[in-house]
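The values are calculated or read from the model by the stated rules, or taken from the named source; none is laboratory data. Being a predicted model, the structure only gives us computed values, none of them experimental. No Cβ is skipped: glycine too gets one built from the backbone with ideal geometry, and neighbour counts run over all protein chains shown.
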Amino acid sequence: MTNRKSKNEPEIPHMKSGSSNNINGSQKKAKPKKDKKPLTPEQKKLKRQRIVAWVLIVCVSIGILGVTGVGALTVKNMKNAPALKKDDFLTQSASTIFDKNGEPIYNTAAKKSDPTTFDQVPQSLIDAFVAVEDSRFFVHGGWDVPRFTKAALSNLLDSLRHGSISFGQGGSTLTMQLIKNQYFMENEDAATGVNRKLQEIYLSTKLEREQVLSKKMIFELYINMINYGVPRTMGADASAQAYFGKRLSEINLTEAAFLAGVINAPSVNNPYYSIEAADERTKEVLYLMNYHGYITDEEYQLAKAVRVEDLLVESSASEGEMFEYQAFIDVAYQEAQELTGLDPGKVSMNIYTSMDPTVQKGIDDFQNRKITDLNPSMIDEEKNEYRPIQVGSVILNNRTGEIAGIVGGFDYNGAFLHNRAIAKNSSPASVMKPHIAYAPAFEYQGLATSHVFLDAPMNYRGTDILIGNYDGRYLGQVPLMMAVADSRNIPALEATQGTIDTIGNEKMVEYLNKLGFSSVSEDNFRPGFAIGDGTFTVSPVELAGANAVMFNDGNYIKPHTITRIEFLDSDREPYVPSHTATPVISDASAWLTTRIMKYAVDSPYNPVISPVRRNYPVFGKTGTNKYDNETADATGVPRNAIKDRLMITATSEYSIATWTGFDSKDKKNPYFIDEYGVDEASQNLTGKLNSYLLDLIEESFGTGDDVARPGSVADIQHILGTFPYQAPVEGMDQSLLATGYIKRDFLKLAEASPKDLSALSDHKVMMNQKGNKFNFDIKMATYPDASQLTVAPSTITMNYPSGGTVDGKRLYDPSWLFGAVRYKSEIRVDGKPIAESMTEGPNQEISVTIENLKGKIEACSYYTFDKSTGKKSNVVCTSVDAKEISVSVPSAGTAFNDFVEQMVAAGFSRDLIQGNYVLEGNKYKSVVSADPNILGKSVKPGDYSGTTIRVNVTDLEITASGDYLRSNLKRAADAGYLTVDTQGKASGVIDSFTVDGVAMSSFRLSDHEGSEVVVNFK
């Protein structure tokens, strides 16, 4: 590569001889303060692992015993250590990676490397490496006992906290790192990790004690074989050319510090990924160089003032240098390391993968911006902003877990090592709602796809943090399918919390672990994970693996790229990974989840997902992460600005999981997606990319079918909005019915019923008698919930936890089927109702004929429904003694027969009522007076038990004289008391008459009532 110098490169002072020769680092200065970064909690380990951590790390920590002591403690481990050969370090091996058809796609020998001898290495780089990696490198014997012991004790504390062996605090010398890079790979297993650490110590001390390699050779080999974050490039010299456009011998102090610092996390510290991280790490190295005396204070201040970005030349990607299939190769290479514990760059292997060349070639075209519609503008000219939108995606076989293609990001041809398909770029937002919220709800709560949620204001349980929806609205009652398609947060949290209440946190965490989210623990799990809680971060490959479960009968297979590994330079047996399916959820709940994801694609709610619609079944879900108001206000980002987007798209056979967003971690000036600008949002990169990837799947594998429905799923029809689900009522309005699917184990319909009625606390009964009837005036206690006294409207009023209300839509209310609450009272005799009243208000008036009140009398009240009176609250009854009822005695002028009947009905004895006719007035059988004098008074019949009531009743005197039309005879005839024959003449003056054939001049009507009278007129 031609030497290139950045046009903005500052002048950096070269090392002074006094400082550059300070090999032993004897000068001491104050130690730098390290910012403590919160660790992501890991899964709790078993108690025995903590014990192993104590024993093994303490043993290792007794470094003061020296090499011999450690050797004595670990004789068994030393016997199993690899044989130490000088040629192992000097000979390079090569491995080949193959696609699914067995065609080679990459050979590790293709890495660019310009080995540098120790004499060619600038002193500044030696000082930088020694300062940051191994300050006593030139004086120890391969193992730095004090440094290792201190690190081991720190690791002990971490190990006890996290339940597994940890070597996170370092302590390895350059010699140990060389040994590790040559013979070992990282291993998380507790016992193996300690054994290998002991073997590293043993081999490192042996390497230097037996002078297999000199110190200079160790340093030379180390800087020539490590990864500096440049794709397909090894070694310090080639990396210096890639970053700075100059040979290693020409670099300045800041550049040396950068190279020494980038190696501890090449992806994170890569300046093309995060210039902030690169600058920060470079300054840390410069500090340590100053601390150990390798540079003066003045040199330190000058060097740290230089920005790394001013030293960089354009990346190879911007020059058009392309590496075919690189995104997939990177993942396969890393997977081979994890599976074998060996580095394919040092141990010759044939690595066979699942990569589909057609799919990955199409992906490479996209990554290299050859697809015009999928190359979003990153320049907002109006706002004069540069927004480097990025992507990461995975195409996964649902049945096998094999990865067919990987999108590592735009320009993934040498510019970046950060593979966004496997990086945990962000929280899942809403994209995992079907899997985290609803699938477990189908499984453990027995929810049907026709379930209805209340989308109402709510806080996270136990907090005052209000949960909102993406649109800032609360809709009221929403069907589950709509809640998923429209990505409502409240229903998802209701479903999640319901599952937690049913099975507990521990089992919920176990479910998420089985889905492939191994970082979730009881310590860090929160219900908010269902809606993309920011503390829960995922990668596209994790999303694809979790999604595939729903299309694989509820079984999880870890996503992978490798199908077979053959070892070329050894007698090792070929390695064939065993990817056993782990049951996660029932096939019923998995299938139900595919239903809601299919609806999410087919429904009109989300335009972002519309590009993936096809004429065959497609399933999916989207997710959007936005900046919170606090961050937006602090950084100047618009409120609700979008940080990133995610989308899952699936056929019955393949899953696609995609992330779009920004790599920048600059919290002071964050990038955001302009929802109305020229970038990703308006072009819908997420949706269009998944559509493009879907086309690639069709080209290689054909179209998908719908997912076969298992026998463990049942159809269900129930009353809308009920849970437990209620059976339909015959003749009910069909619009109030819902149909869906449910796990067959939960197919059970309850009898349709209205809401529970409140208890009736009391009623007051007043009684009075009018005529031959008793009137019961009943006042019931007012119903506690006045809203239930009317049929519910089509809107529902919902309360904010902190006060205030908001209206939403009501899909169903029991009052629409059973009616509103009503007040009802009954008059019962011997327990049987003889009269009743049902009203909208609490006051009742019931009239009962007195003669019916014979037996045990009760006035009973309760609440009920106007269309379902069989449903009632508790019943409150008041007993009534008829004898104690005050009755109104008929007044004078009442017809005697009516008087008798009313008195008898009121409880008086008929036999004790005696009538006595008296001539008074011109009425017949009217009550005149009584003895006792009770006429017109209110009395209790019981007070007159056994008393004879003597009643004077009017009688009429009939005389054979006077005008007939004005006579008592005419009145008696009209009333039907007599039959009168007027001998053809109905008017005139009476001359005489006969009564039953007997001539009379006068008679009392009471004596001849019912007789026949013949009248003779003058």
Completion exercise
Residue set Asp866, Asp911, Asp898, Asp881; condition of a type outside the set (A, V, I, L, M, F, W, C) and under 30 Å from His451 (Cβ atoms); output residue Asp866
Problem - Single condition Ser267 does not satisfy, out of (1) over 19 Å from Gln390 (Cβ atoms); (2) hydroxyl-bearing (Ser, Thr, Tyr); (3) surrounded by fewer than 23 Cβ atoms within 10 Å (Cβ to Cβ) - result: (1)
Practice task
Please specify each residue of segment 247-287 satisfying the condition of being part of a loop (DSSP other than H, G, I, E, B) and closer than 23 Å to Asp411 by Cα.
Solution key: Ile263, Ala265, Pro266, Ser267, Val268, Asn269, Asn270, Pro271, Tyr272, Tyr273, Ser274
Completion exercise
Over segment 607-628, the set of residues within 22 Å of Val707 (Cβ to Cβ), among the polar types (S, T, N, Q) and part of a strand (DSSP E or B) is Thr622
Exercise for the section: Determine whether Arg420 is at negative phi, surrounded by 22 or more Cβ atoms within 10 Å (Cβ to Cβ) and part of a loop (DSSP other than H, G, I, E, B). Expected result: yes
Practice task
Mind listing just one residue for me: the one in segment 747-806 that is among the basic types (Lys, Arg) and under 30 Å from Asp715 (Cβ atoms) and, of those, modelled with the lowest pLDDT?
Solution key: Lys755
Problem - Checking Asn843 against (1) farther than 18 Å from Ala786 by Cβ; (2) in contact with an Asp or Glu (Cβ under 9 Å, 6 or more places away or on another chain); (3) surrounded by fewer than 15 Cβ atoms within 10 Å (Cβ to Cβ); (4) among the polar types (S, T, N, Q), the condition it does not meet - result: (1)
Completion exercise
When segment 570-601 is checked residue by residue, the ones that are outside the structural domain of Asp343 (by TED's automatic domain parsing), touching a strand residue (DSSP E or B) at 6+ places or on another chain (Cβ under 7 Å) and of a type in the set (Phe, Trp, Tyr) are Trp591
Practice task
Identify, from the list Phe619, Phe567, the residue that is within 21 Å of Ser539 (Cα to Cα) and either free of Cβ contacts under 8 Å to residues at least 12 places away in the same chain or touching a strand residue (DSSP E or B) at 6+ places or on another chain (Cβ under 7 Å) (or both).
Solution key: Phe619
Problem - Single residue of segment 78-120 satisfying the filter (touching a Ser or Thr at 6+ places or on another chain (Cβ under 8 Å), of a type outside the set (S, T, N, Q) and not in a strand (DSSP E or B)) that is nearest to Lys216 (Cα to Cα) - result: Lys111
Handout entry: Meets criteria (in a loop (DSSP other than H, G, I, E, B) and in contact (Cβ under 8 Å) with a residue 60 or more places away in the chain) for Arg639
Key = no
Exercise for the section: Pull up segment 706-725, narrow it to residues that are in a loop (DSSP other than H, G, I, E, B) and in contact with a Phe, Trp or Tyr (Cβ under 7 Å, 6 or more places away or on another chain), then point me to the one that is surrounded by the most Cβ atoms within 10 Å (Cβ to Cβ). Expected result: Val707
Problem - Residue within segment 467-489 that is more than 30 Å from Ala277 (Cβ to Cβ), crowded, with 23+ Cβ neighbours inside 10 Å, in contact with a helix residue (DSSP H, G or I) (Cβ under 8 Å, 6 or more places away or on another chain) and of a type in the set (S, T, N, Q) present - result: yes
Exercise for the section: Output the residues belonging to segment 587-625 that are of a type in the set (Ser, Thr, Tyr) and surrounded by fewer than 21 Cβ atoms within 10 Å (Cβ to Cβ). Expected result: Tyr599, Ser603, Tyr605, Ser610, Tyr616
Exercise for the section: Return the residue satisfying two criteria in turn: it lies in segment 878-898 and is touching a Gly at 6+ places or on another chain (Cβ under 9 Å) and in a helix (DSSP H, G or I), and of such residues it is modelled with the highest pLDDT. Expected result: Phe896
Exercise for the section: For Lys346, work out the one condition from (1) modelled with pLDDT of 95 or more; (2) assigned to a loop (DSSP other than H, G, I, E, B); (3) basic (Lys, Arg) it doesn't fulfil. Expected result: (1)
Practice task
With the condition kept exactly as written, say whether any residue in segment 429-444 is more than 19 Å from Ser586 (Cα to Cα) and not polar (S, T, N, Q).
Solution key: yes
Handout entry: Within segment 495-606, helices (runs of 4 or more DSSP H) holding 3 or more residues that are among the hydrophobic types (A, V, I, L, M, F, W, C) and over 26 Å from Ile467 (Cβ atoms)
Key = 540-549, 587-602
Practice task
For Ala750, indicate whether it is touching a strand residue (DSSP E or B) at 6+ places or on another chain (Cβ under 6 Å) and small (Gly, Ala, Ser).
Solution key: yes
Completion exercise
The residue from Ala404, Ala483, Ala448, Ala441 that alone is under 21 Å from Ile609 (Cα atoms) and not assigned by TED's automatic domain parsing to the domain that holds Lys100 is Ala483
Exercise for the section: Take Gly345 and decide whether it is surrounded by fewer than 24 Cβ atoms within 10 Å (Cβ to Cβ), among the small types (Gly, Ala, Ser), under 27 Å from Val391 (Cα atoms) and touching a strand residue (DSSP E or B) at 6+ places or on another chain (Cβ under 9 Å). Expected result: no
Problem - Subset of segment 212-250 that is of a type in the set (S, T, N, Q) and farther than 28 Å from Leu84 by Cα - its residue that is surrounded by the fewest Cβ atoms within 10 Å (Cβ to Cβ) - result: Ser249
Practice task
Within segment 685-708, track down each residue that is more than 19 Å from Met647 (Cα to Cα) and under 25 Å from the mean Cα position of the chain (by Cα).
Solution key: Val707
Fill in the blank from the handout: Sole miss for Leu253 among (1) surrounded by fewer than 21 Cβ atoms within 10 Å (Cβ to Cβ); (2) over 47 Å from the mean Cα position of the chain (by Cα) is condition (1)
